[in-house]
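So the structure is just underneath, and the comments pick up after that.
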Amino acid sequence: MTNRFRLLTALGMGLALAGCKSDGELVVSGNAVGITAVRTACPAVGIPDYTGDITVFRNTGTKTQADLDVTAAITNLTSTCSEDVERVYSEASFDVVARRSDVRGARTVELPYFSTVLRGGSAVVTKRVGTVTLTFADGQERASASAKAGAFVNRADATLPADVRERITRKREAGDPDAALDPLADPEVRAAVQRATFELLVGFQLTEDQLRYNVTR
């Protein structure tokens with residue numbers, strides 16, 4: 001996938017410790033200042049740009065409104081996660097809502113979707129492709145269906161090393177040379193946070209033409 005992601009928490013926001021249960025909180029104790037970093041091994045869940053909807057035309061090579069067949073979109077994306085184990089399991093649930101242009105006759109439409117685990121914002125760990133089935137009754141314009149996607153993440157891989165956690169959360173006295181420095185601005189710390197950051201992304205498995213259509217429309 002070459003397109004940019006809507007889900008930026010794990011890519012550009014290393015400063016916010018992607019995958020956190022909550023943002024880091026500033027803690028002041030006397031003259032010392034520190035940051036509490038509350039993390040979870042559960043991957044953040046999202047939909048990559050331009051893959052949350054799909055448009056199917058009746059004839060290959062034509063993209064006019066008159067030739068429109070089916071449109072569909074992913075919505076109501078939610079997730080659950082069991083992280084108190086060595087292999088963390090995360091599951092994303094979502095709905096697919098679709099609309100067809102010709103309502104004559106009953107019809108079943110199958111649309112492919114993918115689920116992928118991304119590490120550090122770019123490294124694909126796993127990818128799976130599934131199918132969601134939508135059933136239109138005779139005369140019915142709209143249909144919906146639900147689908148799920150699950151993934152495992154090794155807890156050790158999603159955990160920051162102890163020395164990195166200490167550098168982030170260490171309280172700094174007002175007179176310390178690095179008191180005014182953001183620990184997450186350190187390239188080594190940022191790299192460690194990125195390595196420990198995972199995402200579970202879902203979207204439609206688009207053809208090149210379908211992706212191009214989504215990008216340029």
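The values are calculated or read from the model by the stated rules, or taken from the named source; none is laboratory data. Nothing here was measured: the structure is a model prediction, and the numbers come from that model. Note that we place each Cβ from the backbone using ideal geometry, even for glycine, and neighbour counts take in every protein chain shown.
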**Item:** Top-ranked residue of segment 159-217 - restricted to ones that are among the basic types (K, R) and within 30 Å of P112 (Cβ to Cβ), ranked as modelled with the highest pLDDT
**Value:** R212
**Request:** Output the number of the condition that G121 fails; it satisfies all remaining conditions of (1) in contact with a strand residue (DSSP E or B) (Cβ under 9 Å, 6 or more places away or on another chain); (2) more than 27 Å from T197 (Cβ to Cβ); (3) among the small types (G, A, S); (4) not in a strand (DSSP E or B).
**Result:** (2)
**segment 55-83 - residue that is over 13 Å from Y213 (Cβ atoms) and of a type in the set (A, V, I, L, M, F, W, C) and, of those, surrounded by the most Cβ atoms within 10 Å (Cβ to Cβ)** = A72
**Residue in segment 125-142 that is surrounded by the most Cβ atoms within 10 Å (Cβ to Cβ), counting only those that are more than 25 Å from the chain's Cα centre (by Cα) and part of a strand (DSSP E or B)** = F136
**Asked** Do you know which residues across segment 200-215 are in a loop (DSSP other than H, G, I, E, B) and within 18 Å of the chain's Cα centre (by Cα)?
**Response** Q205, L206
